[in-house]
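The values are calculated or read from the model by the stated rules, or taken from the named source; none is laboratory data. Predicted model only: the values in this text are computed from it and were never measured. Don't worry about glycine lacking a Cβ; one is built from the backbone with ideal geometry, like all the others, and counts go over all protein chains shown.
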């Protein structure tokens, strides 16, 4: 059994100002069996999804959960949560016979279970409501016994793992152990109870000074008397007799001789390690919860909810933990994370991107990615690129030069990409569809995250020409190949460029826009820019002093672009540094004023792309 679907109406962020329409939920989200990871920018609705599940199912740790005013969307007076469970085994289904529905898949008929929690409020209070189940919209009340089979395991964000693992009354560790088949439904006849009873007998003898028999480390039986215990007991007895009179005496024992009390005295540590850090304790705590989720002879829901899995874990530990969780095939996990490390490790099919009060599964049934692209992204969607899942806007670029330059360029036009939550993602080639299609859906709802693709037009203004010449070596003539770089026909270049720009821009779809360089490459546009040409030439000469000491800068630049000999990254770094210096000066001393660049300026396409993702 696993949670296949959740629907929300007017629950926190997921709502509308119109009355609830049961045919059109404000969130309709499918989960997969196994691992599900909720990702997205802050305040995008990840916690609301987990809390909605938790509110309906409750938790094994008996946390106090109640509906509050903040659970209602704005001023609405009603919210509704529906959960649907599929793939029930016969042993699981028998716990919910009167509430089951049935689906036909060919000749096979399988059961499913649908729960609903419909809550209303007045001006003064939230009205009581029960969890119901059934195939119709109303359902009937779910019994307490049936609900017990649907509880979930929950690990809150910034969890106090140390407090959960130490000995105390109703400790989480004792709850997990009591639910395990090794301890469940056992008490007086359990081995631990007998051990504590034997310990009590020896304690009594110790404080009475009687002979105690025990086994030494070498396995040999030893009998011994301990006078120290009797001395303590005699002193206390003396005081008691003075308070009460003759005949009164005391007895030492271990207070817990029933199984629950014994387990509440347990603490869990790593062997040979004490005073470990929060990250280690967090992993230890998760290990105990996995023990609970994987317990044998349990015919109820095996669902774990974990908020901010990365809490207290350094990046390498995050990788180890998520790899281990991906191997859990008997349980379902719904996690939330803000970590690009984790997002890069998890397969796209298991990610759910939360944005703009909607949640978007990234599996093959939903995105425009094909199977080969999923395989590609599994290898190349690394940590440096996975920040795209947590951004309010994304600028895709094809190289290091753009990645380095664009943030400084944006600041120079008055837009701070970091403050805006915009990521610049360098894919290292022109295979943009591999990444863009993550954000394109096969059917509504569509994503609204603005995606800008900045790419070169790659129509050369110059070309490499090979000519054969004859040279004389004494009386012998030899034929040689001479390479020259010369300007192409202007009309031809303009025609090819216009056609290419039209073709690139035509790739725009939904929230994805393309911004091609209007001339050849980024560097060529910088050279042709009214605003930045002088600065670009100066910085390029610093990087290549020998080459660009010659008089014809344009020819030398074209030559290096064709030969791929231009230090693009170094030039971009120097140019970005110069732009940053410019912006750090008093505004009266700034000379570039890129924000005022004319639309005919060769670098205006960068301004358009930045403004698009920044919603300017």
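Annotations
- For the range 151-160, the set of residues classified as in contact with a strand residue (DSSP E or B) (Cβ under 9 Å, 6 or more places away or on another chain) and either surrounded by fewer than 16 Cβ atoms within 10 Å (Cβ to Cβ) or not in a loop (DSSP other than H, G, I, E, B) (or both) consists of 152, 153, 154, 155, 157, listed by residue number.
- In the range 5-19, the residue that is farthest from the chain's Cα centre (by Cα) out of those that are surrounded by fewer than 17 Cβ atoms within 10 Å (Cβ to Cβ) and touching a residue at least 40 places away in the same chain (Cβ under 8 Å) is 17.
- Hits in the range 94-150 (condition: part of a loop (DSSP other than H, G, I, E, B) and within 20 Å of residue 52 (Cβ to Cβ)): 127, 128, 129, 130, 131, 134, 137, 138, 139, 142, 149, 150
- Of the strands (runs of 3 or more DSSP E) lying entirely inside the range 247-363, those containing at least 1 residues that are touching a helix residue (DSSP H, G or I) at 6+ places or on another chain (Cβ under 6 Å), closer than 25 Å to residue 376 by Cβ and touching a residue at least 12 places away in the same chain (Cβ under 8 Å) are 351-355.
- Unmet requirement for residue 62, which otherwise passes all of (1) part of a loop (DSSP other than H, G, I, E, B); (2) under 28 Å from the mean Cα position of the chain (by Cα); (3) within 30 Å of residue 393 (Cβ to Cβ): (3)
- Residue identified as surrounded by fewer than 19 Cβ atoms within 10 Å (Cβ to Cβ) and on the phi > 0 side of the Ramachandran plot among 275, 294: 275
- A single member of 409, 432 is in contact (Cβ under 8 Å) with a residue 24 or more places away in the chain and under 21 Å from residue 567 (Cα atoms), and it is 409.
- Looking only at residues in the range 79-124 that are more than 30 Å from residue 297 (Cα to Cα) and touching a strand residue (DSSP E or B) at 6+ places or on another chain (Cβ under 8 Å), the one that is surrounded by the fewest Cβ atoms within 10 Å (Cβ to Cβ) is 120.
- Residues of the range 190-215 classified as under 28 Å from residue 295 (Cβ atoms), part of a helix (DSSP H, G or I) and touching a helix residue (DSSP H, G or I) at 6+ places or on another chain (Cβ under 8 Å), total: 3
- Annotation: residue 364 fulfils all but one of (1) buried (at least 21 other Cβ atoms within 10 Å of the Cβ); (2) out of contact with any strand residue (DSSP E or B) (no Cβ under 7 Å at 6 or more places or on another chain); (3) assigned by TED's automatic domain parsing to the domain that holds residue 9; the unmet one is (1).
- Just so you know, in the range 200-247 the residues that are touching a strand residue (DSSP E or B) at 6+ places or on another chain (Cβ under 8 Å) and within 26 Å of residue 258 (Cβ to Cβ) include one that is surrounded by the most Cβ atoms within 10 Å (Cβ to Cβ), and it is 206.
- Residue among 465, 453 that is at pLDDT below 95 and in contact with a strand residue (DSSP E or B) (Cβ under 7 Å, 6 or more places away or on another chain): 465
- Some residue of the range 544-557 being assigned by TED's automatic domain parsing to the domain that holds residue 570 and in contact (Cβ under 8 Å) with a residue 40 or more places away in the chain: yes
- Hits in the range 367-382 - residues which are in contact (Cβ under 8 Å) with a residue 60 or more places away in the chain and either in a helix (DSSP H, G or I) or in the same structural domain as residue 576 (by TED's automatic domain parsing) (or both): 373, 377
- Flag if residue 541 is in a loop (DSSP other than H, G, I, E, B), more than 28 Å from residue 435 (Cβ to Cβ) and in the same structural domain as residue 395 (by TED's automatic domain parsing): no
- Qualifying residue in the range 39-51 (condition: within 17 Å of residue 360 (Cα to Cα) and exposed (fewer than 15 other Cβ atoms within 10 Å of the Cβ)): yes
- Residue in the range 564-574 that is without any contact (Cβ under 8 Å) to a residue 40 or more places away in the chain, in a helix (DSSP H, G or I) and closer than 30 Å to residue 591 by Cβ present: yes
- Residue list for the range 19-52, filter: outside any loop (DSSP other than H, G, I, E, B), out of contact with any helix residue (DSSP H, G or I) (no Cβ under 8 Å at 6 or more places or on another chain) and more than 18 Å from residue 332 (Cα to Cα): 28, 48
- Some residue of the range 172-189 being in a loop (DSSP other than H, G, I, E, B) and over 30 Å from residue 290 (Cα atoms): no
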